[in-house]
1. Among the residues of segment 24-36, count how many are surrounded by 14 or more Cβ atoms within 10 Å (Cβ to Cβ), within 18 Å of residue 115 (Cβ to Cβ) and out of contact with any helix residue (DSSP H, G or I) (no Cβ under 6 Å at 6 or more places or on another chain).
2. Filter the strands (runs of 3 or more DSSP E) completely within segment 100-213 down to those with at least 2 residues that are at pLDDT below 90.
3. Taking segment 1-23 as the search range and keeping residues that are surrounded by 14 or more Cβ atoms within 10 Å (Cβ to Cβ) and out of contact with any strand residue (DSSP E or B) (no Cβ under 8 Å at 6 or more places or on another chain), which one is farthest from residue 60 (Cα to Cα)?
4. Does residue 57 satisfy being buried (at least 18 other Cβ atoms within 10 Å of the Cβ) and either in contact with a helix residue (DSSP H, G or I) (Cβ under 7 Å, 6 or more places away or on another chain) or in a helix (DSSP H, G or I) (or both)?
5. Out of the residues in segment 37-53 that are buried (at least 16 other Cβ atoms within 10 Å of the Cβ) and out of contact with any strand residue (DSSP E or B) (no Cβ under 7 Å at 6 or more places or on another chain), state the one that is modelled with the highest pLDDT.
6. Can you pull out the residues in segment 7-20 that are part of a helix (DSSP H, G or I) and in contact with a helix residue (DSSP H, G or I) (Cβ under 6 Å, 6 or more places away or on another chain)?
7. Quick check on segment 70-86. Is at least one of its residues closer than 30 Å to residue 190 by Cβ, at pLDDT 90 or above and not in a loop (DSSP other than H, G, I, E, B)?
8. What about residue 4, is it in contact with a helix residue (DSSP H, G or I) (Cβ under 8 Å, 6 or more places away or on another chain) and in a helix (DSSP H, G or I)?
């Protein structure tokens, strides 16, 4: 059984997708706007996302772009748009597949099966190693020098952003964009507070960090080797 997010603001379409995918044995989270889609993905880390492009609050293309920056989750886009430009745009921002409305729900279920198989084949790659730090994105697990570390979802996302790749300096604004996505109300000092908490959990001496380093006037970077 796979966990699937469905973001569709048409109740009839959402019910139809739910019926066909639950017949396949999947567990579904169904939402009707893009903000909720991002929240569900970050909280529950589903195995696949089915996104309607024309979503309220945050549209499906922006949701796709943000999710692709944060994870390797397979993404299937649904849309009433039929032009080649729309298709290419969806694929360029990271969608794995694209279906135009009206569609056959049995074909949708079949494409979901294919994407899930691809996703499972790619799972071993969803692991980030930066020196002593190991991040298993699929399992939401972090280890430092072999020791398991309990991180909040946001702390985990910030470490993933800094580790992709390690050594690169990220400004606070870049960390907000990668770890907080579309939340425009996050202040830069919030990033600093998260960094303090991360250091308390992973550093041998938080006062003199060896993993999460401050680059004065620029932001933060993760040590490329430990």
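1. 1
2. 127-130
3. 20
4. Working: buried (at least 18 other Cβ atoms within 10 Å of the Cβ): no; either in contact with a helix residue (DSSP H, G or I) (Cβ under 7 Å, 6 or more places away or on another chain) or in a helix (DSSP H, G or I) (or both): yes.
Spelling it out, it is not the case that residue 57 is buried (at least 18 other Cβ atoms within 10 Å of the Cβ) and either in contact with a helix residue (DSSP H, G or I) (Cβ under 7 Å, 6 or more places away or on another chain) or in a helix (DSSP H, G or I) (or both).
5. The selected residue is 38.
6. 16, 20
7. Checked against the condition, which is being closer than 30 Å to residue 190 by Cβ, at pLDDT 90 or above and not in a loop (DSSP other than H, G, I, E, B), segment 70-86 yields at least one hit.
8. no
The values are calculated or read from the model by the stated rules, or taken from the named source; none is laboratory data. All values derive from a computational prediction rather than experimental measurement. Please note: Cβ atoms are built from the backbone with ideal geometry, for glycine as well, and neighbour counts cover all protein chains shown.
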